[in-house]
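Participant: My questions will all concern the structure given below.
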Amino acid sequence: MTAPAAHTFSFASSLAATSSTHLNLRVARPLLRRNFSLPFLTSLPRQNFSHPSSSHHHYHHQPQHNRRDHHQYYRPHYSPYEQPAATSLNFVNDYRDLSSLQRRTVTMAANAADSQLSALLQLGSIQEYPNCYPDINPQDIFRAHITSILHPITGVDKTIIYNALQWTASLDKGDMILAIPALRVKGKPTELGEKCGPTSPLVEKPVINGTFMPFFFKPGPLTQATIPTTKKLGREFGANKNNGLKDRSDPSKGKKRMLVEFSSPNIAKPFHAGHLRSTIIGGFLSNLYTAAGWDVVRINYLGDWGKQYGILAVGFERYGNEEALAKDPINHLFEIYVKVNKEIAEEKEEAEKLQKDGKTAEAQRMIENGTDEKARRYFKLMVDGDEKALALWKRFRELSINRYKETYNRLNIQFDEYSGESQVSEDAMNAAAKEMLEKSIAEESEGALIVDFTKHVPGKPGKSLEKPIVRRKDGTALYLTRDISELLNRDQKYHFDQMIYVIASQQDLHVKQFFKIVELMGHKEIAAKVQHINFGLVLGMSTRKGTVKFLDDILRDVGDYMHEVMKKNQDKYQQVENPDAVADILGISAVMCQDMSGKRINNYHFDMAAMTSFEGDTGPYLQYAHARLCSITRKAGLSEEDVAAADLSLLTETHAVNLVRVLSQWPDVVQNTLRTLEPTTVLTYLFKMTHVLSSSYEVLRIVGQEPELMKARMALYDTARIVLSNGMRLLGLTPVDRM
Ligand SMILES: NC(=[NH2+])NCCC[C@H](N)C(=O)O
């Protein structure tokens, strides 16, 4: 078989159907000789077609067939009177995509009574619609269809119409809405509305609302488009791996690479709320880009370098305990760190007292032999590469990472790289400093090297960037220097397309400074690839056991609390296989959902009572909704085949229809989230969906219904469970089956 060259032909003349409920499909031979798969012909529900019997239509129903042999089974003929009139569509290559769009619409229309199939077939080439993926996004079918209605009426470019079709804030506003001014057409909105005839098989005739044209989808086709797709795609429903392709028309060119730097705690120091938020948001963004088909690299940039590690080492010599270190490195190191810092503060106070009393020499001696000075010297050894000094530090680092990994696992997060400030090479930093000096970006000031932004960025913005130091008087580098160097290094190492830094908004200035410096150094293309994702504070983060220090403490405390809640319902509690693990998951869900409820930039109150409640939009509520769907599935006890064979046209109640409408939005919600990069976009949707869901249970019962109705409703609840589970996983939650 020859590869399809640039071949132009008319789709409509190859696959066409007459309108009305009786459909005749004709498939032209030339089409079938090409690499063109038409499995849909056999997958269509047969009762919806008049059986091909005339001599013109040799349609042998063969469930299994090889693509090459299509022509043996479909032997249609052309006959002049069957040539459809207005739907000649030119397209090149991409038959398969086109076929998918057509296939879906044909299938849907075949299932919908009163279908006007010829209208559907006017969709044309899928390439005329930007990012149209009818096989994985049910809404895209409708978006393309509405576009095909409005295009001939308005004469406006299909791309413009397609992009102007927005989702609605709530179901009463329609399923999709068009802001008419976006089309820039003359005439009254109402006139435009009039021109949209009432004949569409997929959408109701729009009723103009001011300058908006809302579209309500016909329930039958929407259900047909949504439920089978969701069930077929399962875990992948909502994902669109095309987003991350370097070239959407040529997947062989590979994926784009996204670096996400997040969490980044400081060894031996508390894992504070800022790190918690960075972890949650960064984990979510990594999942989001993975779902979008990017090659995601997760980086943890540890605070693991600086004089404080000299302090820690000196402290370990005094108070270290190998057993305690092995058992709980993070807490042990923190205890030591606190103790030594206290000593340092005391010594400093004493020295100041001596100084005040005029005992200068004694004060001097005190400082020279003091702990702080010892720590400084120790860190100097580390910088100079002293192996003994480094060995101890390395152990601290490794033990801490191992401990962190356990916690990250509980949050479903795995890092690809544990980098850190220690990993930034001195040579690279010196080179960067030299470059900054040569390019007159940095200048000497009292022995140190500073960047005076007022000289490089005019006006207020320059002033607001201040005058940071990039190298100390004693030649040592700083946090800022390391970030500059590390960014240049990552560009070399990863050749990334984009990078996200998930860092608290308290460091906004720091991030702006190093982004700008890199740009001023002439690396405009690097500066253009990086993005700071910031977030606000967590206020009042303390648990019943006092102010929290480490993430583990928070998670343990909330988990314990959830365990107590679970025990209150002994009946259910007895059925939970591993209550400790479930309580842990519920606690984590509580913490995470509270964190992701608002916009990232907002501060929020850490509120144990609120986050663990089952009333209101909480993590436990979402988990409950999921567990309930699982319970319904268990109780219904239907087989996969039963549910797959469900007659979806039985889903006619308003509750069922509204649930389908919300569920069909999920892939669009994911697309929108790629724009907002806000976890709340997903969470808000999941709460909206679960509210519609929980109001349906009373009306849409399964147990005790007619078998056919049971199957149809089960298919609907299955779809809801898939969407809920996918949404929860995207956020980083682990959906539970029982609780
Ligand atoms: N590239 C960065 N600066 N990332 C953020 C690091 C956060 C730092 N370890 C802190 O705790 O404040």
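The values are calculated or read from the model by the stated rules, or taken from the named source; none is laboratory data. Note that the structure is predicted; figures quoted are calculated from it, not measured. Cβ atoms come from the backbone with ideal geometry, glycine included; neighbour counts cover every protein chain shown. What goes into the accessible areas is simple: the full protein's heavy atoms, side chains included, and nothing from ligands, DNA or RNA. Shrake-Rupley method; radii C 1.70, N 1.55, O 1.52, S 1.80 Å.
Participant: Just in the range 303-394: which trypsin sites (Lys or Arg not before Pro) are loop by DSSP and have at most 16 other Cβ atoms within 10 Å?
Facilitator: LYS359
Participant: Run the reach check for LYS195 against lysines, Cα to Cα strictly under 22 Å, same-chain hits fewer than 8 apart removed. What comes back?
Facilitator: List returned: LYS158, LYS173, LYS186, LYS205, LYS218.
Participant: Rounded, prolate or oblate, given the Cα gyration tensor of the range 185-340, with a/c below 1.5 counting as rounded?
Facilitator: The shape class here is prolate.
Participant: Can you compute the FRET efficiency between GLU706 and SER425 using 1/(1 + (r/R0)^6), with r the Cβ-Cβ distance and R0 = 45 Å? Round to the nearest 0.05.
Facilitator: Efficiency computed from Cβ-Cβ geometry: 0.05.
Participant: For the range 551-731, what does the alpha-carbon gyration tensor say about shape, rounded, prolate or oblate, given a ≥ b ≥ c as the root eigenvalues, a/c under 1.5 as rounded, and a/b over b/c as prolate?
Facilitator: oblate
Participant: Report ³J(HN,Hα) in whole Hz for each residue of the range 554-565, in order, from the Karplus equation J = 6.51 cos²θ - 1.76 cosθ + 1.60 where θ = phi - 60°; Gly and Pro get x.
Facilitator: 3J(HN,Hα) across the range 554-565, in whole Hz: 4, 5, 5, 4, 5, x, 4, 4, 5, 4, 4, 4.
Participant: Suppose each label sits 7 Å from its Cα in the direction of the beta carbon; what would the ASP386-GLU525 distance come out to in nanometres?
Facilitator: Label-label distance for ASP386 and GLU525, simple model: 4.4 nm.
Participant: In a shell of Cβ-Cβ distance under 15 Å around ASN402, excluding ASN402 itself, what net charge do Lys and Arg (+1) and Asp and Glu (-1) give?
Facilitator: So the environment of ASN402 carries a net charge of +2.
Participant: Please compute the modelled spin-label separation between LYS253 and ASN331, points set 7 Å along Cα→Cβ, answer in nm with one decimal.
Facilitator: Between ASN331 and LYS253, the label points sit 5.4 nm apart.
Participant: Stretch HIS456-LEU171 to full length: gain in nm at 0.36 nm per residue minus the Cα-Cα span?
Facilitator: Between HIS456 and LEU171, full extension yields an extra 97.5 nm.
Participant: For THR190 and LYS205, compute 0.36 nm times the residue count separating them, minus their Cα-Cα distance, and round to one decimal in nm.
Facilitator: 4.2 nm
Participant: Please calculate how many Å² of accessible area the range 258-417 carries per residue, with a 1.4 Å probe and no DNA, RNA or ligand atoms counted.
Facilitator: 46
Participant: Counting other Cβ atoms within 10 Å, which GluC sites (Glu not before Pro) in the range 546-644 have at most 16 and lie in a DSSP loop?
Facilitator: GLU577, GLU615
Participant: Estimate the FRET efficiency between GLU323 and TYR573 by the formula 1/(1 + (r/R0)^6), using the beta-carbon distance for r and 35 Å for R0, to the nearest 0.05.
Facilitator: The computed FRET efficiency comes out at 0.45.
Participant: Can you pull out the trypsin sites (Lys or Arg not before Pro) in the range 469-510 whose DSSP state is coil and whose Cβ has at most 14 other Cβ atoms within 10 Å?
Facilitator: Filter output for the range 469-510: ARG472, LYS473.
Participant: Turning to a different aspect of this structure: Per residue, what accessible area does the range 551-731 have, given a 1.4 Å probe and all protein chains present, in Å²?
Facilitator: Accessible area per residue, the range 551-731: 41 Å².
Participant: Under a crude label model (7 Å from the Cα following the beta-carbon direction), how far is SER694 from GLU653 in nanometres?
Facilitator: 1.8
Participant: Treat the range 323-436 as a sphere of radius equal to its Kirkwood radius over Cα pairs and apply Stokes-Einstein at 10 °C in a medium of 1.306 mPa s; give the translational diffusion coefficient in µm²/s, rounded to a whole number.
Facilitator: 91
Participant: When a/c reaches 1.5 or more, the comparison of a/b and b/c decides; with that in mind, is the range 552-658 rounded, prolate or oblate per its Cα gyration tensor?
Facilitator: Here the range 552-658 falls in the oblate category.
Participant: Further question: Can you give the local net charge around GLY274? Use residues other than it whose beta-carbon is closer than 13 angstrom to its beta-carbon, Lys and Arg +1, Asp and Glu -1.
Facilitator: Taking every Cβ under 13 Å from that of GLY274, the sum is +1.
Participant: Further question on the same structure: Give the aspartates and glutamates reachable from LYS342 as a straight Cα distance under 13 Å; neighbours fewer than 8 places away on the same chain don't count.
Facilitator: Within reach: GLU350, ASP372.
Participant: What ranking, highest mean first, results for peptides 475-481, 246-252 when packing means the other Cβ atoms within 10 Å averaged over each residue?
Facilitator: Highest mean packing first, the order is 475-481, 246-252.
Participant: Explain nothing, just compute: Karplus ³J(HN,Hα) = 6.51 cos²θ - 1.76 cosθ + 1.60, θ = phi - 60°, for every residue of the range 217-231 in order, whole Hz, x for Gly and Pro.
Facilitator: 3J(HN,Hα) across the range 217-231, in whole Hz: 6, 6, x, x, x, 5, 4, 4, 7, 8, 5, x, 4, 4, 5.
Participant: When the Cα centres of the range 135-208 and the range 607-634 are compared, how far apart do they sit, in Å?
Facilitator: Between the Cα centres of the range 135-208 and the range 607-634 lies a distance of 37 Å.
Participant: On alpha-carbon atoms, Rg over Rh for the range 258-417 using Kirkwood Rh?
Facilitator: When Rh is taken as the Kirkwood radius, the ratio is 1.10.
Participant: Then there's this: Expressed as a whole percentage, what fraction of the accessible surface of the range 290-356 belongs to carbon and sulfur atoms when a 1.4 Å probe is rolled over the protein heavy atoms?
Facilitator: Ligands and nucleic acids excluded, carbon and sulfur reach 50 percent.
Participant: On the protein heavy atoms, probe 1.4 angstrom, tell me the percent of accessible surface of the range 491-647 carried by carbon and sulfur.
Facilitator: Here carbon and sulfur together make up 48 percent of the probe-accessible area.
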